[in-house]
Amino acid sequence: MSELERQSYQTRDGAVVWTAATERWGFPQVVVKELGEVSAACGAFEWMALGYLALSSILILLFAENLVHPVRLIAVQAGVAMLILILCRVESSAAERTHWLCESFSYRFWHFWRHWYPHLFFLFCFEEMGRLVHLRNPGWEDAKLIAFDHWLTGVNPSLWLEQFTHPALTEFMQFAYFTYFVYLLILGGILYHQRDFASYWAVMTYSASGYVAGYVIAALFPVQSPWFTLAGQWHGDLVGGPFTALINLIEKYGRVHGAAFPSQHVAGATAALLGAWRHCRWLFWVFLPFVACMCVSTVYVRNHYLADVLGGLVTGTLGYFVGGWVMARYRAVGESRMALPEPQAPRKYSKTTSLSSL
């Protein structure tokens, strides 16, 4: 019987009488207690994610006149925040009921989703940018980035690269572009398999920090990308093989009109690359050439300006350092166990072991 249950019994002439917890504690106290447990279940990543949802909701309120259905957007933000809190609380409760001798299916299920939901959160935030891109400015700022690219290189990189297009090169570039989707999955999967959950959440927090910076910039500085701005100026479509077809399919159903600056592809890849450097050094050297090719591919496949790539490198690097600072000051995860305790080997005592050492 828990302490709360014991306090809910009263002895009256030798009889035990049950008193509801809400009657003895009061409903407000129960709510405060539950909120405290939910808060304790959250870690550094959750506070980063919830902070972004709160900030974006405030921006939606401030610029509501520029948006379609702002109340609906805020309601969706609140729903996502509630799902995150519920998931953390349920996983924490499952961990408390689990012993290392028997990891229940329930615990494994909630433990998995507690650690892998960040990927879905990043996807939600990116897709939402299609509705927030004109939060402050109803127009587009592409002309400024085109001018910057021309000042830096003397050409328009997206148009200039067209002279090198070839089906084989296009297929390679589309493959390089696709690798963005697997960097965080591979690094996270390795750390999760190793049960190094502190490092796992550190990598997620690096990514969240970089993405948050990029999302806020994209909402305040709308850029739609060369794919839209320079449409009609190329001499033909990019022709390739299966990866080209796969990317075309993904972008057909998931392309966001806007949010090109800074490049979230580059920011996410940079955060994952730096996370590999810190937590899985051999993987850094595997990732490095692919990330370099991916940065070039974003311009080749006409999705980004060179300025977008540079901006992504900056926000991704910034995310690594800010995320590291956050992880140094907050728990990797909440007070639920990051990993089930391993069985301890029995202590061995020699004949010379003194009583004071026991």
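Since every read-out is calculated from the coordinates, none of them should be taken as a lab result. Values in this document were obtained by computation on a predicted structure and should not be read as measured data. Glycine gets a Cβ as well: all are built from the backbone with ideal geometry, and neighbour counts include every protein chain shown.
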Return one quarter of the surface area of the convex hull spanned by the alpha-carbon atoms of the range 162-292, equal to its mean projected area, in nm². 9.0
What does the charge add up to near residue 113, with Lys and Arg as +1, Asp and Glu as -1, over the other residues with Cβ less than 14 Å from its Cβ? +1
Would you please state the base-10 log of I(q)/I(0) at q = 0.14, 0.16 1/Å for the range 133-188, with intensities from the Debye formula using one equal scatterer on every alpha carbon? -0.71, -0.83
Under 10 Å, Cβ to Cβ, from residue 226 - net charge with Lys/Arg +1 and Asp/Glu -1: -2
Using the Kirkwood radius over Cα pairs of the range 73-232, the Stokes-Einstein translational diffusion coefficient at 25 °C and 0.890 mPa s, in µm²/s and rounded to a whole number, is 126
Where Lys and Arg each count +1 and Asp and Glu each count -1, what net charge lies around residue 156 among other residues with Cβ under 13 Å from its Cβ? -2
Value of Rg/Rh across the range 19-337 [Cα atoms, Kirkwood radius]: 1.02
Put a dot 7 Å past each Cα toward the Cβ at residue 178 and residue 147; how far apart are the dots in nm? 3.9
So between residue 255 and residue 50, what do we pick up on full extension, going 0.36 nm a residue minus the alpha carbon distance? 71.3 nm
